[in-house]
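Enquirer: Before we start, here is the structure in question, set down as structure tokens.
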Amino acid sequence: MPASISRPASVPQRFGRLWWLPCGGLGNGIDDDAWAPILEVADDIVAPLLAALRAAGVAAYAARLTPAAAGRGRSARPPRCRLWVGTSAYGRAEETLIALLPSLTSGRTADGHR
């Protein structure tokens with residue numbers, strides 16, 4: 001049996017943001033101690049979402065989904081990103097997204113195309 005890789009999590013703050021989140025993404029400049037995924041969106045609306053969450057004081061981070069995570073056989077689907085928010089302001093993030101998303105997604109079809 002192969003040995004598992006162990007990462008000590010007794011002091012997660014010492015690892016920083018990338019301990020919780022995939023590398024290569026984009027944050028809004030606010031940090032948090034813990035993160036939770038909240039939404040998957042087309043990558044063309046990530047910038048306004050990050051800006052709105054920053055204005056609301058919510059830590060946010062987005063990273064492009066890998067083809068395997070986005071689902072196989074959906075090549076016609078536009079690139080997708082997963083959005084994480086800091087858990088200390090999760091409720092505020094939900095309120096912000098509920099208010100903003102209708103204006104950002106109007107005119108899109110069910111598969112995310114404009």
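Enquirer: Between Thr87 and Arg54, what length in nm is gained on full extension when 0.36 nm per residue of separation is reduced by their alpha carbon distance?
Expert: 10.5 nm
Enquirer: Which peptide among 42-53, 23-34 comes first, and what is the full order, when sorted by highest mean count of other Cβ atoms within 10 Å?
Expert: 42-53, 23-34
Enquirer: Once you place label points 7 Å from the Cα toward the Cβ at Glu40 and Thr66, how far apart are they in nm?
Expert: Distance between label points: 1.4 nm.
Computed from the coordinates by the stated procedures, all read-outs in this text should not be read as laboratory data. For clarity, every value in this text was computed on a predicted model and none was experimentally measured. Here the Cβ is made from the backbone with ideal geometry for all residues, glycine too, and neighbour counts use every protein chain on show.
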